[in-house]
Protein chains: 2
Amino acid sequence: MDIHTLTRELHIRNETKIVMLVADGLGGLPLEPGGLTELETANTPHLDQLARRGILGGSIPVAPGITPGSGPGHLGLFGYDPLKYVIGRGALEATGIGFALEAGDVAVRGNFCTLDALGNIVDRRAGRIPTEESAPLARSLREAKVEGAQVFVEPVREHRFVVVFRGKGLGDNVSDTDPQATGVPPLAPQARETASEKTARAAAKFVEEARRILASQKKANGITLRGFAARPNLPTYEEVYGLKAAAIAVYPMYKGLARLVGMEIVGSATTLDEQMGVLEANWPKYDFFFLHYKYTDSTGEDGNFAAKVKKIEELDAALPRITALGPDVLIVTGDHSTPSFLKSHSWHPVPTLLVSNCCRTDNSPAFGESHCARGGLGQFEARYLMTLALANAGRLGKYGA
Amino acid sequence: MDIHTLTRELHIRNETKIVMLVADGLGGLPLEPGGLTELETANTPHLDQLARRGILGGSIPVAPGITPGSGPGHLGLFGYDPLKYVIGRGALEATGIGFALEAGDVAVRGNFCTLDALGNIVDRRAGRIPTEESAPLARSLREAKVEGAQVFVEPVREHRFVVVFRGKGLGDNVSDTDPQATGVPPLAPQARETASEKTARAAAKFVEEARRILASQKKANGITLRGFAARPNLPTYEEVYGLKAAAIAVYPMYKGLARLVGMEIVGSATTLDEQMGVLEANWPKYDFFFLHYKYTDSTGEDGNFAAKVKKIEELDAALPRITALGPDVLIVTGDHSTPSFLKSHSWHPVPTLLVSNCCRTDNSPAFGESHCARGGLGQFEARYLMTLALANAGRLGKYGA
């Protein structure tokens, strides 16, 4: 069942404000069985007060046992079935560096490689060329002349860059040119269907041009292309929810994901404090605010329990600036768990808190995994969080008479 | 959504060991409202200790309110959607007596009946002929000569037997020959589609041969055939999970169900003690062990609360032999509930316990229905138990970047 079939029909516009605060990788684990998680260890007076006013639950990002990446994790929170809407590698890479993909664009990940005199690959990563050297080379590829498509090239890091082909009739069903081996030449890009032949020709021409432009290089004298992917065709927040939505994020990946669902990227905050300032400044202009906080994930990935605790406490300290604005619905959650015990994303349900004046409080004393496991929202699929948000904001009408 | 689409793509092989201990019909009910269930009444120090180290939940076999038979109950636990994968009556009957169905086989349940001189049915169950008399008669039907198909006949109990047709191009869409009435002759088997015509002809010939072979019998001088069913086409554990799986069961039905998903049937244990011995002996050879314990169901079906309590305590006493092996993931659950109060299978969620080093303990003090109802796994569909098992064993990669 596509929940958007319902929300398209039932949504109502009103003056309410919804805030979704996403602490990336929020969920955790104790370091020892029976111990406390990072969130339970942290001193979080404001979150705990919200927990007493609100309702808790565990958000299942994709399905029980399935660990999501950032793409599916956020799509779920935004109410888009992460099994239905898939963001291909090239599109995610372009999104991750903040490239504003348009409908019809085909993005692909490029790698610099080293070729020998015969054109065979000697090093698939061009000796892991440092970014200082590779970025100017990537930009030099913008000179490539390709008929039938506009080409954008953006540096990423080390041997990596992104290419975007823009034009009419560009399918994305094109094979990788990386042979995943050395001692052989790069493969030719092959269209797997008629609708992608134009893309394959453009890609082949781009590769040829790149060889010419890079001819004098020693390390990075060739390229390979992987993961051709069109901009995913996601309906917008405006269309499915009737929400004018703003995204306030520091990192390009999360701005990019928000842009894919039609949110406007507001401000250019680089700190949580600045994010709060952007929120306050834009409060009258939007219905929905997606606030992204990265550091709960990065400290978890580092396996640094104490640092994650500290980052949660910093987030807690910022909450009064949100509640002072008087949002009608405030949600605090994460796109997935990143327990420092595992040093990686995980499948565990994400502690989630929803506060509104009609949320049916569940008498949880504090915000933490064990209270969320027993919370009034139960263990629910993340993709239902948006319908819960809309309902609590009085923004969903009755289904059926 | 078919969860196997994800597990096929995401599974990882490693050295971990997973044990799924299925106490058939484990879930129960109190004899009086507010009382304790069989599991809560039983003295289960080892299960309670595991509950404190692990996470609890209620497993919903098919859907809320739906009571499963053994087939759907086990398919769910094995991670196969019991609404997608259906084991037809004939195939389940053959599986239940341990007949190793091959792909393309069509199994059907046979009943001896009594015919009068005109060929009309006088008794649909041949006077409930005792097994001692019927079994030799069933075996005598192996003499039947049927062109185009190899025929296997296996006695079951009383008037029942199983027939398996093996050959090329045998569809299973054939109508029953049992008219469900007396005073009329058995029906002719009818193919409901072209692909099943060969099967219908083979069945008609088999019925004719049976009449000849049984001509001198008084009670069992005819047969009817019901529930033509091909071997269900289930993907294997190896394919969908990357697991080399062993089944350690006493009863043929459970061995048969395990065989259908590609588990190897190991040992020939007839007691729980012997099952533990088989587990220990095969520990290095497999990734996954399905252990089946029957008596929690049979005592429940008998309506014998005290006996079910005792059988649970016997199971508990065996647990140290499992934990001594150090499984990375240990699951204790049932395929459905069989409350002795109801003397039958029921729809109630099945108490479920999962222990691993990263299972996010939920502080449950003991293993029992009321703790499971509030457990950290929530009330979940049984078909997700395998993804949870794989995740806890580090055997599932990330979905999406």
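The values are calculated or read from the model by the stated rules, or taken from the named source; none is laboratory data. Owing to the predicted nature of the structure, the values given are computational and were not obtained by experimental measurement. We place every Cβ from the backbone using ideal geometry, glycine too, and count neighbours over all the protein chains shown. All accessible areas refer to the heavy atoms of the entire protein, side chains included, with ligands and DNA or RNA removed. Shrake-Rupley method; radii C 1.70, N 1.55, O 1.52, S 1.80 Å.
Treating the beta-carbon of each Lys and Arg as +1 and of each Asp and Glu as -1, no other charges, what is the dipole magnitude of segment A:113-173 about its Cα centre, to the nearest 20 debye? Walk me through the numbers before you get to the answer.
On the way: 10 positive and 9 negative charges, 39 e Å.
I would put it at about 180 debye.
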Item checked: Inter-copy separations for B:ALA317, label at 7 Å along Cα-Cβ, nm, ascending -> 6.0
Next item on the list: May I ask you to derive the relative contact order of chain B, considering only C-alpha pairs under 8 Å and at least 6 residues apart, and to give it as an integer percent?
Entry: 34 percent
Margin query: Using a Debye calculation, one point per C-alpha and no hydration shell, please list log10 I(q)/I(0) for segment A:123-192 at q = 0.29 Å⁻¹ in order.
Written below: -1.22
Check: On alpha-carbon atoms, Rg over Rh for segment B:281-401 using Kirkwood Rh?
Finding: 0.98
Next item on the list: Mind grabbing the accessible area of B:LEU260 for me, 1.4 Å probe, Å², rounded to tens?
Entry: 10 Å²
Check: Taking every eigenvalue of the Cα gyration tensor of segment B:47-161, multiplying by 5 and rooting it, what semi-axes result, largest first, whole Å?
Finding: 39, 18, 15
Check: What size of dipole, in debye to the nearest 20, comes out for segment B:121-272 about its Cα centre when the only charges are +1 on Lys and Arg C-beta atoms and -1 on Asp and Glu C-beta atoms?
Finding: 280 debye
Check: For the protein assembly as shown, with the dipole built from +1 on Lys and Arg beta-carbon atoms and -1 on Asp and Glu ones, taken about the Cα centre, which of B:GLY104, A:ALA247, B:VAL266 lies farthest toward the positive end?
Finding: B:GLY104
Note to self: Test of understanding: in a Gaussian network model of chain A with alpha carbons linked when under 10 Å, which of A:GLY96, A:GLY127, A:GLY104 would top the mean-square fluctuation ranking?
What the structure shows: A:GLY127
Note to self: Suppose only helical runs count, i.e. DSSP H with n ≥ 4. What mean residue ellipticity at 222 nm does that imply for the protein assembly as shown under -39500 (n - 2.57) per run, divided by all residues and rounded to the nearest 500 deg cm²/dmol?
What the structure shows: -9000 deg cm²/dmol
Check: Distances from A:ASP273 to the same residue in each other copy, label points 7 Å out along Cα→Cβ, in nm, shortest first?
Finding: 7.3
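Based on DSSP H assignment, which helices of chain A show an axial Cα extent of at least 20 Å together with a mean Kyte-Doolittle hydropathy greater than or equal to 0.0? Mind showing how you got there, number by number?
Numbers: long enough: A:197-213 (24 Å, -0.71); A:305-323 (27 Å, 0.09).
Passing helices, by number: A:305-323.
What net charge do the residues around B:ASN120 carry, taking every other residue with its C-beta under 14 Å from that of B:ASN120, with Lys and Arg at +1 and Asp and Glu at -1?
On the way: positive: B:ARG124, B:ARG211; negative: B:ASP116, B:ASP123, B:ASP178.
Once all neighbours under 14 Å are counted, the net charge is -1.
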Next item on the list: Run the 1.4 Å probe and let me know the accessible area of B:ILE12, rounded to the nearest 10 Å².
Entry: 70 Å²
Check: If you put a point 7 Å past Cα along the Cβ direction, how far is that point for A:GLY397 from the same point in each other copy, in nm, smallest first?
Finding: 4.7
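Once Rh is set to the Kirkwood radius over Cα pairs, what Stokes-Einstein translational diffusion coefficient, in µm²/s, holds for the protein assembly as shown at a temperature of 10 °C and a viscosity of 1.306 mPa s? The partial results should precede the final answer.
Values: Rh = 29.9 Å.
The Stokes-Einstein estimate is 53 µm²/s.
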Item checked: Coil-residue GluC sites (Glu not before Pro) of segment A:84-159, DSSP, other Cβ within 10 Å capped at 12 -> A:GLU102, A:GLU147
Note to self: Taking only Cα atoms of segment A:258-315, what ratio of Rg to Rh do you get with Rh as the Kirkwood inverse-distance radius?
What the structure shows: 1.05
Item checked: Rounded to 5, the percent of DSSP beta bridges in the protein assembly as shown classed as antiparallel -> 60 percent
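How many Å² of accessible surface get buried when A and B come together, counting both sides, probe radius 1.4 Å, rounded to the nearest 100? Intermediate values should be presented prior to the final figure.
Details: alone 16770 and 16840 Å², together 31420 Å².
Looking at A and B, the buried total is near 2200 Å².
Evaluate the Kirkwood expression for the hydrodynamic radius of segment A:221-357, namely the inverse of the mean inverse distance over all pairs of different C-alpha atoms, and round to one decimal in Å. Present the calculation step by step, with values, prior to reporting the outcome.
Numbers: mean 1/r = 0.0597 Å⁻¹.
Answer for segment A:221-357: a Kirkwood hydrodynamic radius of 16.8 Å.
Viscosity 0.692 mPa s, temperature 37 °C: Stokes-Einstein D of chain A from its Kirkwood Cα radius, in µm² per second?
Working: Rh = 22.5 Å.
It diffuses with D of about 146 µm²/s by this estimate.
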Notebook entry, point to check: Quick one: ranking A:THR114, B:THR177, B:THR41, A:THR194 by accessible area, 1.4 Å probe, largest first, what do you get?
Noted result: A:THR194, B:THR41, A:THR114, B:THR177
Checklist line | Where only C-alpha atoms are counted, convex hull volume of segment B:183-273 per residue in Å³ | finding: 177 Å³
Notebook entry, point to check: Using a Gaussian network for chain B with springs between C-alpha atoms less than 10 Å apart, which of these wobbles most: B:ALA246, B:ALA103, B:ALA63?
Noted result: B:ALA103
Checklist line | Magnitude of the charge dipole, the protein assembly as shown, Cβ model with Lys/Arg +1 and Asp/Glu -1, debye to 20 | finding: 1580 debye
